[in-house]
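Working notes, structure below.
The values are calculated or read from the model by the stated rules, or taken from the named source; none is laboratory data. Keep in mind the model is a prediction, meaning the values are calculated, not measured. Cβ sites come from the backbone with ideal geometry, for glycine too, and all protein chains shown count toward neighbours.
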Amino acid sequence: MPLDPQVEAMRSQRETEKVPQLYTQTLAEARAADLASIQAAGGSLEQVHHVEDLVMEESGLPLRIYRPEGTDPLPTLVYFFGGGWTLGSIDTADGICRQLANAVPCQVITVGYRLAPENPFPTAVNDCHQAVQWIAAHAAELQVDPARIAVGGDSAGGNLAAATTLLARDSGPALAAQLLVYPNTLYGSDTASMRAGDDPFLFNRTSVDWYWGHYLKDPADGRNPLASPLLAESHADLPPALVITAEYDPLRDEGEFYAEKLYAAGVPTQLSRYDGMVHGFFAMSGVLDGGRKAIAEAAEFLQRTFADG
């Protein structure tokens with residue numbers, strides 16, 4: 001189908017205003033523009049019963065906790081923000097985390113992993129896995145139900161969530177679910193959606209290359225399954241997954257290939273493509289109906305999975 005009318009209006013506005021692509025800006029400019037764009041498209045922030053910032057004492061990594069009402073150990077989603085491992089922060093995921101905490105309801109903890117190029121691969125993967133291990137180890141004080149911990153993320157955050165499940169399968173903790181929203185899964189992919197992704201006013205294949213170029217110190221690292229989860233030797237024994245993709249996203253095909261890999265390995269997997277949508281729509285629930293629907297689907301998946309745990 002054609003671009004969703006709401007997406008087309010957004011794209012036309014960008015063209016009219018000649019909004020520069022992030023990859024044409026300095027890192028400082030791109031990081032500031034990314035935050036401003038996400039906050040504008042995310043709409044009004046939902047109120048959550050309790051929001052708290054803390055720092056992991058061992059690593060110094062920041063965390064933000066979103067806790068709905070309730071005092072019992074809570075099912076918990078550990079969420080990794082998007083931004084191509086280069087942009088993004090706890091603040092850019094703030095709207096998503098608030099919505100999911102209320103809608104599931106569950107506790108959501110987002111991780112301030114370190115960014116590239118200052119901290120290239122595998123720093124972000126190790127930060128995310130270490131954070132999940134730390135959260136599980138401190139479950140009692142954080143009101144976390146250790147039997148119901150899920151991981152999730154959008155874009156590069158989806159990549160990090162997938163990589164974290166690979167590490168956790170071998171060295172813990174046990175995970176209840178994975179929420180992968182238009183994830184990067186394969187460095188250097190040459191898919192139909194990647195070849196078609198050339199719109200200068202949307203996230204495109206040049207955007208993808210720009211992010212990978214910052215993340216990988218050596219292109220050979222792209223063959224590592226922790227950078228390209230699609231290349232893992234086995235996808236068996238990973239937690240149940242919801243994979244969300246967008247029709248007009250260069251990453252669409254590799255996300256869907258990953259869902260197929262999980263399903264073939266016996267992992268309960270739900271794949272949901274949003275027709276007419278573009279990369280980033282999950283964070284645009286303030287302006288895109290598709291974003292609101294995807295948040296609701298993610299919440300329903302987590303609610304169902306946590307209930308089964």
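Couple of notes before you dig in:
- Of the helices (runs of 4 or more DSSP H) lying entirely inside the range 192-309, those containing at least 3 residues that are out of contact with any Gly (no Cβ under 9 Å at 6 or more places or on another chain) and either without any contact (Cβ under 8 Å) to a residue 40 or more places away in the chain or closer than 15 Å to Leu180 by Cβ (or both) span 252-264, 289-308.
- Among (1) crowded, with 24+ Cβ neighbours inside 10 Å; (2) farther than 24 Å from Asp249 by Cβ - the single one Ala124 does not satisfy: (2)
- Counting only strands (runs of 3 or more DSSP E) that sit completely within the range 6-106, those holding 1 or more residues that are touching a residue at least 40 places away in the same chain (Cβ under 8 Å) and either among the aromatic types (Phe, Trp, Tyr) or on the phi > 0 side of the Ramachandran plot (or both) correspond to 62-67, 74-80.
- Residue under evaluation Ala150, criteria (1) of a type in the set (A, V, I, L, M, F, W, C); (2) part of a helix (DSSP H, G or I); (3) under 20 Å from Leu180 (Cα atoms), criterion not met: (2)
- Scanning the range 110-123 for residues that are outside any loop (DSSP other than H, G, I, E, B) and within 13 Å of the chain's Cα centre (by Cα) yields Thr110, Val111.
- Flag for Ala140 being within 17 Å of Tyr66 (Cα to Cα), assigned to a helix (DSSP H, G or I) and modelled with pLDDT of 95 or more: yes
- Cβ-Cβ contacts under 8 Å between residues 6 or more apart (or on different chains), taken from a first residue in the range 159-170 that is under 14 Å from Asn224 (Cβ atoms) to a second residue that is buried (at least 24 other Cβ atoms within 10 Å of the Cβ) and among the polar types (S, T, N, Q), are listed as Asn159/Asn184; Asn159/Thr185; Ala162/Gln178; Ala162/Thr185.
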